[in-house]
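Report on the structure given below.
The values are calculated or read from the model by the stated rules, or taken from the named source; none is laboratory data. Fair warning: this is a prediction, and the values are worked out from it, not measured in the lab. Note: ideal-geometry Cβ built from the backbone for every residue, glycine included; neighbour counts use all protein chains shown.
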Amino acid sequence: MRTDWLAHTILVLGISLFALPVWLLVAASTQPSDVIARGGVSLLPDPAGFGVYADLLHDGPVARMLLVSFGMAMAIALGKIAISVLSAYAVAFFRFPFRNLAFWTIFITLMLPVEVRIIPTYSVMAGLGLINTFTGLTMPLIASATATLLFRQVFMAIPDELVEAARMDGAGPWRFLKDILLPVSAANVAALFVILFVYGWNQYLWPLLVATDPSLDTVVIGIVKMIGSEAAVEWQKVMATAVLALLPPVIVVVLMQRWFVKGLAEADK
């Protein structure tokens, strides 16, 4: 019993540690800029100040930035999953020359994050005329060695008897993938979608470099520009924009929490 109280106390303290900054952010978004600038933020939100959220969504670029971020996050998450499933399927079940070489080449790319290859990637995008386009914003971030390795491990755990049974029933490669592999790995797909959506939503360096057109600003870039503007910083709008930027990832995690936990648990088996 004492152990339960200790565990719950530590859990409450941990939640408070993470929740307090978010609560302070919400409270600050409802208070005047001069109060925030001089550090006199109250821990209690001002009910009259919540109108700043309606103002941001109806007037100004915040709504557009949220849509750009959402579209980018969805394109990266769905694109990574689609490419990773197909590449893992090929490596796990097909026999072709240099199959192991292809697998290890994919594995080696884990050591090459975006920051390392950002200059040649930018050069390729410029050569293709994709600078300041939504395609250029998302395409270089779609391939994922981590997701490919995850799906490969899932597919390798499929019993040989199941593969043979599907072959005897006349299931072709696409039917086997669609009717057997994807349902079996649904929890892993959901868990990976959550991780990749948050990854895509939080991108900063690549959008900053490849999209100089303000119409392609993500919400993360927009917050930085709001703080670094030459005019007086409207801190309550900055805080409110940050709160709005938190909501989509939180909603995705909450809605897919059960699948996310199940996918992580199955990945450890």
Q | Positions within the range 1-35 being over 26 Å from the mean Cα position of the chain (by Cα), surrounded by 14 or more Cβ atoms within 10 Å (Cβ to Cβ) and among the β-branched types (V, I, T), in sequence order | A | T30, V35
Q: Can you confirm whether the range 245-262 contains a residue that is closer than 30 Å to D34 by Cα, modelled with pLDDT of 85 or more and crowded, with 20+ Cβ neighbours inside 10 Å?
A: yes
Q. Taking only pairs six or more apart or across chains, which ones have beta-carbon atoms under 7 Å, a first residue in the range 86-113 that is among the basic types (K, R), and a second residue that is surrounded by 11 or more Cβ atoms within 10 Å (Cβ to Cβ)?
A. R99/V91
Q: Could you list, in sequence order, all residues of the range 33-67 that are in contact with a Phe, Trp or Tyr (Cβ under 8 Å, 6 or more places away or on another chain) and not small (G, A, S)?
A: I36, L43
Q. Regarding G136, is this residue over 28 Å from F260 (Cα atoms), part of a helix (DSSP H, G or I) and in contact with a Gly (Cβ under 9 Å, 6 or more places away or on another chain)?
A. yes
Q. Failed condition for A245, given (1) of a type in the set (G, A, S); (2) under 21 Å from the mean Cα position of the chain (by Cα); (3) over 15 Å from G200 (Cβ atoms), with all others met?
A. (3)
Q: Give the number of residues within the range 27-59 that are without any contact (Cβ under 8 Å) to a residue 60 or more places away in the chain and not in a helix (DSSP H, G or I).
A: 10
(Q) Against the condition more than 20 Å from A92 (Cβ to Cβ) and within 22 Å of the chain's Cα centre (by Cα), how does L192 come out, does it pass? (A) no
Q | In the range 109-152, the residues that are under 20 Å from L86 (Cα atoms) and exposed (fewer than 14 other Cβ atoms within 10 Å of the Cβ) | A | L110
Q. Say we look at the range 55-64 and pick out the residues that are surrounded by 10 or more Cβ atoms within 10 Å (Cβ to Cβ) and at pLDDT 85 or above; which of these is farthest from the chain's Cα centre (by Cα)?
A. D55
(Q) Residues that are within 12 Å of L86 (Cα to Cα), within 25 Å of the chain's Cα centre (by Cα) and among the β-branched types (V, I, T): does the range 176-186 have at least one? (A) no
Q: Of the numbered conditions (1) part of a helix (DSSP H, G or I); (2) touching a Leu at 6+ places or on another chain (Cβ under 8 Å); (3) not basic (K, R), M74 fails exactly one; give the number of that condition.
A: (2)
Q: Inspect the range 211-224 for any residue being of a type outside the set (G, A, S), outside any helix (DSSP H, G or I), surrounded by 12 or more Cβ atoms within 10 Å (Cβ to Cβ) and within 18 Å of the chain's Cα centre (by Cα) and give the result as yes or no.
A: yes
Q: Find the residue count for the range 178-189, including only residues that are buried (at least 18 other Cβ atoms within 10 Å of the Cβ) and either part of a helix (DSSP H, G or I) or on the phi > 0 side of the Ramachandran plot (or both).
A: 4
